[in-house]
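The values are calculated or read from the model by the stated rules, or taken from the named source; none is laboratory data. This one's a predicted model, so the numbers in the text were calculated from it and none came from an experiment. Note: accessible area is taken over every heavy atom of the protein model, side chains too, but ligands, DNA and RNA are not part of it. Shrake-Rupley method; radii C 1.70, N 1.55, O 1.52, S 1.80 Å.
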Amino acid sequence: MPLPASALRALLLPALLAIAPLSSVSAAGAADAQVPGFQHHDIGTLRVTALFDGVVALPRQQLHGLDPGQVARLLDGHYVPERADGIQTAVNAYLVERDGRRLLVDAGTAQCFGDALGQVPRNLAAAGIDPSSIDDVLLTHAHPDHMCGVLAADGRPAFANATLWLSAADAAWWLDPANAADAPDRMRPAFAMAQRAAAPYAARGRLRRFSPGDALPAGVRALDSRGHTPGHVSWLIDGGAGAQLLVWGDIVHYHAVQFARPEASYEADSDPAAAITSRRRLLAEAATRGWWVAGAHLPFPGLGHVRRDGDGHAWVPVEFAPVPRSHDDAAGGIGHAPRCVESADWPPSEWPRPYSPTHEYAAARAAPDHP
């Protein structure tokens, strides 16, 4: 029989006090360490785990299409952290669990950019995810901050049982040695990194170059969002009951600027005009359809919604929330109650019913006086 809460407090308080000094020492020793960089969120029937890879600095001078005064006002108005070398910009990846299948969208930087990045593997481990359990790696494009992470430190596939999906257009560009030879010197390392990352998957028959209309993992669509690279795609994943998750890769780099002013382009875009067109289209569609959005370079966890704001758009970040203890218990997605410890003082029959806008709307429609 569960103990009353008062009895639990009487038993546990002395033990907690006894270990408090040890806890203080441990906390002091880890004063400069952040908590593990992962967050779980349920979106419909999807369990989404945001994975932090680190941050990079993007100079404001690499943002084009607006005068410096407009850029400064937007950045300053959002209090975006900025160092001498540039604006703090997150690098995120996303694990999506759907119908018993594990999909990783982008994989971070691994060893390609030094110790400040490459944190996806340790955050996967902290989240309790075995890399060998991942079925598919869906790449938005072949840039190293998205693709290097498919390799382990020893050069073998980091996801030994996964199929690696890369658009045919990006594969044709980045994996062709002839294109690397003709590229500017500053771009050649990116070609080499992409080719090195793809090689062991191709050797094992696990590299899939897909084109429009090709079969993809169930419940997944690849939306053409070319511009940042020739074959950039954004992944739309069906969560059931109208819930959709758009993992859009590099549609936005400077969040404080490009939501409000999507005509601002980034210097690294291979086709700035096409990148602007893709950004305008996906911002408008995400806002109109109410899609969940996950962004590789939005402030971690980079999950939320897009809303219209005057002539532009604005970002609405997700709120941190409990998730069910087991995803099998979460068939209804968001709106289910967090797990609580049962006690005689507060039996389950008296737990508060969680608020869900969907449930409230359904109840209102069922009322006899509903029009």
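For the stretch 81-157, place one equal point scatterer on every Cα, skip the solvent, and apply the Debye formula. What is log10 of I(q)/I(0) at q = 0.12, 0.13 Å⁻¹?
Taking Cα atoms of the stretch 81-157 as identical point scatterers yields -0.35, -0.41.
Rounded, prolate or oblate, given the Cα gyration tensor of the stretch 112-163, with a/c below 1.5 counting as rounded?
In terms of gyration-tensor shape, oblate.
In square angstrom, rounded to the nearest 10, how much accessible surface does residue 214 have for a 1.4 Å probe?
Approximately 70 Å² for this residue.
Report, to two decimal places, the Cα Rg of the stretch 155-246 normalised by 2.2 N^0.38 Å (N = number of residues).
With N residues counted in the stretch 155-246, Rg over 2.2 N^0.38 Å equals 1.22.
Which sequence of 266, 79 reflects their accessible areas, 1.4 Å probe, from the largest down?
Heavy-atom accessible area, descending, gives 79, 266.
Keeping all protein chains in place and using 1.4 angstrom, which order do 89, 277 fall into by accessible surface area, from largest down?
Ranking 89, 277 by accessible area, largest first, yields 277, 89.
Let me have the relative contact order for the stretch 88-174, percent, based on Cα pairs under 8 Å that are six or more residues apart.
Contact order relative to length: 29 percent.
How high is the relative contact order of the stretch 102-248? Use alpha-carbon pairs under 8 Å, at least six apart in sequence, and give a whole percent.
For the stretch 102-248, the relative contact order is 21 percent.
Leaving ligands and nucleic acids out of the surface, order 204, 73 by accessible area at 1.4 Å, largest first.
73, 204
Over the Cα atoms of the stretch 211-302, compute the convex hull volume and normalise it per residue, giving Å³.
So the per-residue hull volume is 99 Å³.
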